[in-house]
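Asker: Supplied in structure tokens, the structure appears directly below.
The values are calculated or read from the model by the stated rules, or taken from the named source; none is laboratory data. All values reported here derive from a predicted model rather than from experimental measurement. Reconstructed Cβ throughout: ideal geometry from the backbone, glycine too, with neighbour counts over all protein chains shown. For the accessible areas, the whole protein counts, side chains as well, though only heavy atoms, and no ligand, DNA or RNA atoms are used. Shrake-Rupley method; radii C 1.70, N 1.55, O 1.52, S 1.80 Å.
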Amino acid sequence: MVILEQTKTQLKFRYRPYSLWMATGGWIAGTLFLVPIIYLQLSWMFYLWWIPLFLVLNIVASIALLIFTGKVVICHFDKDYNGFTLKGCGLLNTQVIWHPLAHIIDVQVEAIGWNPDRNATCQIALFLKSGDRISLDLGLASINDKLNAVNLIRKFLDMPPQKWN
């Protein structure tokens, strides 16, 4: 997560999933590197029907992963226009969610699961007057980082800070 703008009237975050992009790119490059090695060293394996199919499916699955989940997320709170915009920019499409700031009644770090080895799994959630909930994926791993981001948003929206018990 990168804070793009933080003023009295603007608060803007951006999250780029670099780890997903690098892992998927490495997977594609590894698969493309593996094809000539298998062909040159073990050319008889290409006569097995599933080896070329396996390689093609790996490449297709990697590209689909990049297209559908590798979105850049921009979260923008704007007091000038009295709105909250959540924009997900992918390779094929852009999804935009807009709500007035007055519709946001709460911002919390919400526990969504519990693992005894790693403690709680949490996410940042915006609660709206309509009863809807918007979860923000800002790429933060630790609970303290998420709590700091929530308190930054709450301070911008003139709400008291949240404490983690």
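Asker: If you check Thr94, Thr9, which single one turns out to be of a type in the set (S, T, N, Q) and either touching a residue at least 12 places away in the same chain (Cβ under 8 Å) or within 27 Å of Pro161 (Cβ to Cβ) (or both)?
Answerer: Thr9
Asker: Turning to a different aspect of this structure: Would a scan of the stretch 141-157 turn up a residue that is small (Gly, Ala, Ser), modelled with pLDDT under 85 and in a loop (DSSP other than H, G, I, E, B)?
Answerer: Scanning the stretch 141-157 turns up at least one residue that is small (Gly, Ala, Ser), modelled with pLDDT under 85 and in a loop (DSSP other than H, G, I, E, B).
Asker: Take Leu4 and tell me if it is more than 22 Å from Arg133 (Cα to Cα), out of contact with any Ser or Thr (no Cβ under 6 Å at 6 or more places or on another chain) and open to solvent by 40 Å² or more (accessible area, probe 1.4 Å).
Answerer: Against the criterion (more than 22 Å from Arg133 (Cα to Cα), out of contact with any Ser or Thr (no Cβ under 6 Å at 6 or more places or on another chain) and open to solvent by 40 Å² or more (accessible area, probe 1.4 Å)), Leu4 qualifies.
Asker: Against the definition (touching a Phe, Trp or Tyr at 6+ places or on another chain (Cβ under 9 Å) and of a type in the set (D, E, K, R)), how does Asp137 come out, yes or no?
Answerer: yes
Asker: When both residues are 6+ apart or on different chains and their Cβ atoms are under 6 Å apart, which pairs have a first residue that lies in the stretch 123-145 and is over 18 Å from Leu157 (Cα atoms), and a second that is open to solvent by 90 Å² or more (accessible area, probe 1.4 Å) and among the hydrophobic types (A, V, I, L, M, F, W, C)?
Answerer: Pairs found: Gln123/Ile112.
Asker: Next question. Looking at Ala102, Ala141, Ala64, which is the one that is more than 19 Å from the chain's Cα centre (by Cα), exposed (fewer than 13 other Cβ atoms within 10 Å of the Cβ) and aliphatic (A, V, I, L, M)?
Answerer: Ala102
Asker: Out of (1) aliphatic (A, V, I, L, M); (2) in contact with a helix residue (DSSP H, G or I) (Cβ under 9 Å, 6 or more places away or on another chain); (3) open to solvent by less than 50 Å² (accessible area, probe 1.4 Å); (4) farther than 30 Å from Gln162 by Cα, what's the single condition that is false for Val109?
Answerer: Unmet condition: (4).
Asker: Which is of a type in the set (D, E, K, R), out of contact with any Ser or Thr (no Cβ under 8 Å at 6 or more places or on another chain), modelled with pLDDT of 85 or more and open to solvent by 60 Å² or more (accessible area, probe 1.4 Å), of Lys87, Lys71, Lys129?
Answerer: That would be Lys129, the only listed residue that is of a type in the set (D, E, K, R), out of contact with any Ser or Thr (no Cβ under 8 Å at 6 or more places or on another chain), modelled with pLDDT of 85 or more and open to solvent by 60 Å² or more (accessible area, probe 1.4 Å).
Asker: Any residue in the stretch 97-104 that is farther than 19 Å from Lys146 by Cβ, touching a Pro at 6+ places or on another chain (Cβ under 8 Å), modelled with pLDDT of 90 or more and not hydrophobic (A, V, I, L, M, F, W, C)?
Answerer: Scanning the stretch 97-104, I find no residue that is farther than 19 Å from Lys146 by Cβ, touching a Pro at 6+ places or on another chain (Cβ under 8 Å), modelled with pLDDT of 90 or more and not hydrophobic (A, V, I, L, M, F, W, C), so the answer is no.
Asker: Note down all Cβ pairs under 9 Å where the first residue falls in the stretch 46-69 and is under 30 Å from Arg16 (Cα atoms) and hydrophobic (A, V, I, L, M, F, W, C), the second is open to solvent by 70 Å² or more (accessible area, probe 1.4 Å) and part of a helix (DSSP H, G or I), and they're at least six residues apart or on different chains.
Answerer: What qualifies is Leu55/Leu32; Leu55/Leu34; Ile59/Trp27; Ile59/Leu32; Ala61/Trp27; Leu65/Trp27; Leu66/Trp21.
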